[in-house]
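Following: one structure in structure tokens, then a few remarks.
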Amino acid sequence: MPFCPRCRYEYQQGISVCPDCEEKLVDALPEEEEFEEVKEYKNWVQLARLTSLQSVEMLQEVFESKDIPIVVQSGTGHFGVTGQMGPSSFRPVGGQYSIFVPEEFVADADQEAGLILGDEWEESKLFDIEE
């Protein structure tokens, strides 16, 4: 039976790629590696509210590349931006994306976001961040 080397799930014969991880399956699993302990952050700070999904995705990509933890809370509903079926409203109240980072990363996140989004970031911040 083939296995996914990433998620370690076992698949039936004939399947060659893990549908979840998109990894090529192997005949035998490698020994499990020791994983770094995942740090849990307790003091998350809401930095900003953005309306552009593209801006949020750019921030996520850059923050992750700089090892800045990020959580995005979406104000959009189940059926898309409006939270309702039909084109009656493009941007509802609360249809924004809230950006959270742990307290110790606030200054770094603010600096990176300012470089990427410029005025959009400054207008979206919820408070002034002192370095």
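Residues in the stretch 99-114 that are part of a helix (DSSP H, G or I) and within 16 Å of Glu57 (Cβ to Cβ): how many?
3
Would you confirm, using the coordinates I've provided, whether Gln12 is modelled with pLDDT of 90 or more and not in a helix (DSSP H, G or I)? Considered against the rule, which asks whether it is modelled with pLDDT of 90 or more and not in a helix (DSSP H, G or I), Gln12 comes out as no.
Kindly establish whether Val17 is outside the structural domain of Tyr97 (by TED's automatic domain parsing) and at pLDDT 90 or above. Considered against the rule, which asks whether it is outside the structural domain of Tyr97 (by TED's automatic domain parsing) and at pLDDT 90 or above, Val17 comes out as yes.
Just checking, does the stretch 34-42 include any residue being surrounded by 13 or more Cβ atoms within 10 Å (Cβ to Cβ) and either at pLDDT below 90 or under 18 Å from the mean Cα position of the chain (by Cα) (or both)? Taking every residue of the stretch 34-42 in turn, at least one turns out to be surrounded by 13 or more Cβ atoms within 10 Å (Cβ to Cβ) and either at pLDDT below 90 or under 18 Å from the mean Cα position of the chain (by Cα) (or both).
The values are calculated or read from the model by the stated rules, or taken from the named source; none is laboratory data. Just so it is clear, the model here is predicted, and its values are computed rather than measured. Glycine gets a Cβ as well: all are built from the backbone with ideal geometry, and neighbour counts include every protein chain shown.
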